[in-house]
Amino acid sequence: MPDGLLLPGQRLARGVARHLRGRDFATLLEFVPAPGLRVDVIALGPKGEIWIVECKSCRTDVVSDLKWGGYLEWCDRFFWAVDADFPTDLLPSDAGLILADPYDAEIQRWPEPAPLAGPRRHAVTRHFARCAAGRLGALLDPDAVARVSG
């Protein structure tokens, strides 16, 4: 999608996804791990690790986000992604920090891992796979999706 059609947070998410793919992670944008939650980027690593990245484009975006704490139980590592001009002192220091732009990103601070329990990891991985397959299927055959969800 052209940059002009993306919102600022979506541009950051694109750069984050590109960076994570370079680290051999599979990524999905706007993923719903549980009802009422929607993460900007979820990434599945080569060893099965699950990372969540929340992209914030301005101060208001951070202070109005009351759901991010609920994301922690769905990942092994949690990161904030912001651009180079963002006031990072607004972000909790125990979370990871990624500086991003629409084309790439760089991890500035690593969070301590909080490994998921096996059953939760299995459920998230399965949900990730089904969501990815569903999105690919919708791209390849949009008429089939319309008939099913119709």
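Every number here is computed from the coordinates shown, using simple stated rules; none is lab data. What you see is a predicted model; the values in this text were computed from it and never measured. A quick note on method: Cβ atoms are made from the backbone with ideal geometry, for glycine too, and the neighbour counts reach across all protein chains shown.
In the chain, Cα pairs under 8 Å separated by at least six residues give a relative contact order of 21 percent. Taking every DSSP bridge with both residues inside the chain, close to 60 percent are antiparallel. With a simple spin-label model that places each label point 7 Å from the Cα along the Cα-to-Cβ direction, the separation between Thr88 and Arg23 comes to 1.4 nm. Exposure proxy ranking for Val82, Val124, based on other Cβ atoms within 10 angstrom of each Cβ and starting from the fewest, stands as Val124, Val82.
Each principal axis of the chain carries a Cα extent, and these read 48, 41, 30 Å when sorted largest first. Helices in the chain, meaning DSSP H runs of at least 4 residues, each add -39500 (n - 2.57). Divided by all residues, the mean residue ellipticity at 222 nm is -10500 deg cm²/dmol.
Fewest neighbouring Cβ atoms within 10 Å first, the residues Thr60, Thr125, Thr27 line up as Thr60, Thr125, Thr27.
Computed from backbone phi, the HN-Hα couplings of segment 68-74 come to 4, x, x, 6, 4, 7, 10 Hz, rounded to whole numbers (Karplus: 6.51 cos²θ - 1.76 cosθ + 1.60, θ = phi - 60°; Gly and Pro given as x). Listed by number, the DSSP H helices of the chain that run 30 Å or longer by alpha-carbon position along their axis and have mean Kyte hydropathy of at least -0.5 are 118-140. When +1 charges are put on Lys and Arg Cβ atoms and -1 charges on Asp and Glu Cβ atoms, the dipole computed for segment 3-115 relative to its Cα centre reaches about 240 debye.
Database remark: amide H of Gly96 closer than 5 angstrom to the amide H of Phe78, Phe79, Trp80 (H placed geometrically; neighbours at sequence offset of 5 or more, or on other chains; Pro and chain starts carry no H). Computed 3J(HN,Hα) for segment 32-37, one whole-Hz value per residue from the Karplus formula 6.51 cos²θ - 1.76 cosθ + 1.60 where θ = phi - 60°, is 10, x, 7, x, x, 10, glycine and proline marked x. Ranked by how many other Cβ atoms sit within 10 Å of their own Cβ, fewest first, the residues Lys67, Lys56, Lys47 fall in the order Lys47, Lys67, Lys56.
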